[in-house]
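Reviewing the structure listed below.
What follows is calculated from the coordinates using simple rules that are stated; it is not laboratory data. This structure is a prediction, so every number in the text was calculated from the model and none was measured. Ideal geometry is used to build each Cβ from the backbone, glycine not excepted, and the neighbour counts take in all protein chains shown.
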Amino acid sequence: MTGKTALHSTFAGAGLALIGLGYLAAAYAAPMQPTPEQMATMEKCYGVALAGQNDCKAGPGTSCAGTSKIDYQSNSWKLVPKGTCSKITTPVGHGSLSDTNTHIPA
Amino acid sequence: MQLRSSQAAFADYLSSAPGLAVPASLESVIGGDARHIGSRLSIYKNNVLARLVDALKESFPAVHRLVGDEFFPYCALRFIAKEGLSRTSLVEYGREFPAFIAEFAPASTIGYLSDVARLEHLYLKAYHAAEASTGHIGSGAFALHPSAQLMSSPHQVSRIWELNRADTEFDHIELLPLREFLLIVRPFRLVEVRRVSIGTFAALVALDDGADHREARREALCAEPAIDFDRVFGALKAAGTFVLPQDSTTVGESK
Amino acid sequence: MGAGGPPHAYLEAITERYPLSLHGVGLSLGGAEPLDPVHLRAWRRLVDRYQPALVSEHIAWSRFGECRFHDLLPIPYTDESLTLFAAHVEQFQNTIGRQILVENPSAYLGFATSDIPEADFIAELVRRTGCGVLLDINNAYVSAANGGEGATALLRGIPADTVGEIHLAGHSVQRADELELYIDDHGSPVGSAVWLLYAEAIARFGAKPTLVEWDTDVPSLGTLCREAERANVIARKALSHAAA
């Protein structure tokens, strides 16, 4: 790493450090008491330090593999998101479309 | 130039909508049983489209998890139909995907989806960005780390991203009406996503626009009068947000 | 590859411990258009930085005009494509200042215009440019199963001293419109027919660095290591038979 000024993060391994704004502090549980310095600046997202998990999904590589099939048929207007969005409620209501939702444009 | 004309016909076929007949100019150069030419060629067409869908899946794993295995390819194929095939790298191909999602009617009730996609694309940019070197800056100056990306969102987008990036299970959650300000940066080996305060964000945006330390402080105080800017700046420095000259102990200290 | 980040850190760590084989998929050596100068420069930087033991690319094209297909598309085996391909190999070798290996493709179709056997095409390419061969045995098998000239013909037609690396991989079989097509999917264990061909290849070409390719549905490290060990065992046996 020549030519690079290496500064070591004081946050490494600190878990959740809390942001300065009070309203945000209320939204997250802190596993350890943040230092005043951490209070004043920023919060590192929990889980980002789990390197392997994030690295292995760090975008598409290239491959020389072939693919046998692709489903062009999945183009029905009935298709609605069915992933984990159904577990998330936003301040303006449910985040996901349900099967009974009739406001999907054809 | 027979090769050129046959590759042009092949390229046209690969770029055309799925299900269209094989053009005669291409069919005439393919060998074997004429009845099977369409099936043989479709393998290549499938490969080209499937690789783009897969690339989007790998670039946007949280979006994929949020909408599920059926909806994601549907959305991706619509994007590909609008965007056309790739002109650059597979990582770059997803650049316009967040904007596409924002306009994509079937996803319109998931208001945060486009911002999650935007965060994922910035994460990738930070991941692949050049290493920091003091060559990026003039003497006595400092600059944002070359991997640094900034975004704000009216949603708790990093919270949603955290919960959906890995395959971890989570129970039902209720989001709060909070605006988020994010710094995405790769100071060392790992990409870090940091939630910052509005004043910190204002300072970072100013620095990104080429402002100096004094101007950044002014922006920070304007956005967040109560900010302790020196402490914020020191912590940003310690977290590897900036590229500093080797003898930079005094850079950025308040005057 | 991007400009920096973990992929480069991994490459650096790997080169400290092992000789590196850099394998390209996007240069489009078989394209009718000129090679992309940006891509060539990126290759030169990579080779200068990591000093790989081997460099390889494919007998294929993947780019036309502005479009990048990110797939290995087939070329006809004709004098015209041979001349063009050889010129591109020479340009690539001159740019990075070293020899490359070219890999035989997996084909799902053949061209009516092809009039040179694949082995002869490759042998002539080697003669004109001084490049070597990356022999992909699964590709040879898949191409033969899909109506090509036969894997054994390719193995026997490639000049013995030109193979620098061998690839093995799995394939799947797909039926469409009464046509059975073998797909080089890199997502299943190496097939028994491919293992047999591998033994034959080692007997003919000698022990060569061998890669078992997995790109999809990658299994556990234990399974990967057992497959690599199987390759070692087969290679040792083939060599002792050849010596006997």
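Count, for each residue of B:84-91, the Cβ atoms from other chains sitting within 10 Å of its Cβ, then give me the mean as a whole number.
Working: counts 2, 5, 6, 5, 2, 8, 7, 7.
Counting Cβ atoms of other protein chains within 10 Å of each residue's Cβ and averaging gives 5.
Order these peptides, C:109-115, B:145-151, by their mean beta-carbon neighbour count within 10 angstrom, highest first.
Details: C:109-115: 17.0, B:145-151: 21.6.
The packing order, highest mean first, is B:145-151, C:109-115.
Among the listed pairs B:Lys45/C:Lys237; A:Lys44/A:Lys69; A:Lys87/B:Lys45; B:Lys45/B:Lys125; B:Lys125/C:Lys208; A:Lys87/B:Lys237, give every one whose C-alpha distance is greater than 30 Å. Write down the numbers at each step before the final one.
On the way: B:Lys45/C:Lys237 41 Å; A:Lys44/A:Lys69 41 Å; A:Lys87/B:Lys45 36 Å; B:Lys45/B:Lys125 28 Å; B:Lys125/C:Lys208 38 Å; A:Lys87/B:Lys237 37 Å.
In this structure, B:Lys45/C:Lys237; A:Lys44/A:Lys69; A:Lys87/B:Lys45; B:Lys125/C:Lys208; A:Lys87/B:Lys237 exceed 30 Å between Cα atoms.
Normalised by the empirical 2.2 N^0.38 Å for globular proteins, what value does the Cα Rg of region B:1-135 take?
Values: Rg = 18.4 Å, N = 135, 2.2 N^0.38 = 14.2 Å.
For region B:1-135, the normalised Cα radius of gyration is 1.30.
Local charge sum around B:Val22 (other residues, Cβ-Cβ under 12 Å, Lys/Arg +1, Asp/Glu -1)?
Working: positive: B:Arg35, B:Arg40, B:Lys45; negative: B:Asp12, B:Glu27.
Residues near B:Val22 contribute +1 overall.
Just tell me how shielded B:149-161 is by partners: mean number of partner chain Cβ atoms within 10 Å of each residue's Cβ, no decimals.
Whole-number average of other-chain Cβ neighbours for B:149-161 is 2.
What's the extension gain from B:Ile173 to B:Glu103 if we count 0.36 nm per residue and subtract their Cα-Cα distance?
On the way: separation 70, 0.36 × 70 = 25.20 nm, distance 2.55 nm.
Net length gain for the segment: 22.6 nm.
Quote the relative contact order of region C:6-159 in percent (integer), defining contacts as alpha-carbon pairs under 8 Å separated by 6+ residues.
Values: 236 pairs, mean separation 32.5, N = 154.
Once divided by the residue count of region C:6-159, the mean separation gives 21 percent.
Sequence-distant or interchain residues sharing an amide H contact under 5 Å with B:Val243, placed H: which?
When sequence neighbours closer than 5 places are left aside, the close amide H contacts are B:Ala143, B:Leu144, B:His145.
Report ³J(HN,Hα) in whole Hz for each residue of region C:18-23, in order, from the Karplus equation J = 6.51 cos²θ - 1.76 cosθ + 1.60 where θ = phi - 60°; Gly and Pro get x.
Running phi through 6.51 cos²θ - 1.76 cosθ + 1.60 with θ = phi - 60° gives 9, x, 10, 10, 8, 10 Hz.
So what are the ³J(HN,Hα) numbers for region C:103-118, from phi and the Karplus equation (6.51, -1.76, 1.60; θ = phi - 60°), rounded to whole Hz, Gly and Pro as x?
In residue order, the calculated couplings are 9, 5, x, 9, 10, 9, 7, x, 9, 4, 7, 5, 10, 10, x, 4 Hz.
Packing-wise, with mean Cβ within 10 Å as the measure, how do C:128-138, C:43-53, B:226-236 rank, highest first? Before the final figure, lay out each step's value.
Details: C:128-138: 23.0, C:43-53: 15.1, B:226-236: 19.8.
Averaged packing, sorted descending, gives the order C:128-138, B:226-236, C:43-53.
Out of all DSSP beta bridges in chain C, what portion is antiparallel? Express it as a percent rounded to 5.
30 percent
List the residues whose amide H sits under 5 Å from the amide H of C:Val212, counting only those 5 or more places along or on another chain, with H placed 1.01 Å from N in the peptide plane.
Correct list: C:Leu168.
So what is log10(I(q)/I(0)) for region C:1-104 at q = 0.18, 0.24 1/Å, when the Debye sum runs over its Cα atoms only?
Results for region C:1-104 at q = 0.18, 0.24 Å⁻¹ read -0.88, -1.38.
Work out from phi, with θ = phi - 60° and the Karplus expression 6.51 cos²θ - 1.76 cosθ + 1.60, the ³J(HN,Hα) of each residue of region C:228-244, listed in order in whole Hz, and give x for Gly and Pro.
After applying 6.51 cos²θ - 1.76 cosθ + 1.60, I find 5, 5, 4, 4, 4, 5, 4, 5, 4, 5, 4, 5, 5, 5, 5, 6, 5 Hz.
Please give me the summed charge of the neighbours of C:Met1: other residues whose Cβ is under 11 Å from its Cβ, Lys and Arg +1, Asp and Glu -1. Show your work: numbers first, answer last.
Details: positive: C:Arg45, C:Arg49; negative: none.
Result for the local shell: +2.
For C:Ala243, what is the net charge nearby, where nearby means another residue's Cβ is under 12 Å from its Cβ and Lys, Arg count +1, Asp, Glu -1? Could you put the intermediate results ahead of the total?
Values: positive: C:Arg236, C:Lys237; negative: none.
Taking every Cβ under 12 Å from that of C:Ala243, the sum is +2.
Please work out whether region C:15-243 counts as rounded, prolate or oblate from its C-alpha gyration tensor, where a ≥ b ≥ c are the square roots of the eigenvalues and a/c under 1.5 means rounded, while otherwise a/b larger than b/c means prolate and anything else oblate?
rounded
Kindly state, as a whole number, the per residue volume in cubic angstrom of the convex hull around the alpha carbon atoms of region B:99-229. Intermediate results must be reported in sequence, preceding the final value.
Numbers: hull volume 19.0 nm³, N = 131.
Per-residue hull volume (Cα only) is 145 Å³.
If packing is taken as the average count of other Cβ atoms within 10 Å, what order do A:83-92, C:6-15 fall into, highest mean first? Each step should come with its number before you reach the end.
On the way: A:83-92: 18.5, C:6-15: 14.4.
Ranking, from highest mean packing down: A:83-92, C:6-15.
Taking amide hydrogens as modeled 1.01 Å from N in the peptide plane, which residues meet the under 5 Å criterion relative to C:Ala176, leaving out close sequence neighbours?
C:Leu181
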